[in-house]
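Working notes, beginning with the structure itself.
Here, each number is a calculation from the coordinates, and none is a lab measurement. From a predicted model like this one, the values you see are computed outputs, not experimental measurements. Virtual Cβ from ideal backbone geometry, glycine too; neighbours counted across all protein chains shown.
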Amino acid sequence: MGLLTPQEAADMLRLPDPADYPQLNILLPFVEDFIKTATGHDWASDLTIDPTAKMLAATLAVRWFDDPAQMGNIPGNDIGVKSLIGQLHAKALGMLVV
């Protein structure tokens, strides 16, 4: 299971059919890997997907689909994305406590 299904990504992007956009199959794993690296936790492997992780995945998928040249980048003034990453990072740190 992933953070976003191709259909969920297509819905966020207002695309009629994800099958018509094979680049989603490349983009979605990249988004998941980016979030895993940025937060230190593999959110896609959890039994229940964290809503903040899903929101961050959707936000990045939309931005990077619209402007592939920005893949892997977060603009310096993008407080929303940085905030979501910070929230997920804090949650991941809390999961490490035993």
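Once the other residues with Cβ under 13 Å from the Cβ of Val62 are scored (Lys, Arg +1; Asp, Glu -1), what is the net sum?
-2
To the nearest 20 Debye, how big is the dipole of the chain about its Cα centre, given +1 on the beta carbon of each Lys and Arg and -1 on that of each Asp and Glu?
320
With a sphere of radius 13 Å drawn around the Cβ of Leu3, what net charge do the other residues whose Cβ falls strictly inside it have (Lys, Arg +1; Asp, Glu -1)?
-4
To test your reading of the geometry: what angle, between 0 and 90 degrees and rounded to tens, separates the Cα axis of helix 51-66 from the longest principal axis of the chain?
The answer is roughly 40 degrees.
If you take the charge dipole of region 6-96 about its Cα centre, with +1 on Lys and Arg Cβ and -1 on Asp and Glu Cβ, which of Ile26, Leu84, Phe65 is farthest toward its positive end?
Of the candidates, Leu84 comes out farthest on the positive side.
Given the -39500 (n - 2.57) contribution per DSSP H run of 4+ residues, what per-residue ellipticity at 222 nm results for the chain, rounded to the nearest 500 deg cm²/dmol?
-19500 deg cm²/dmol
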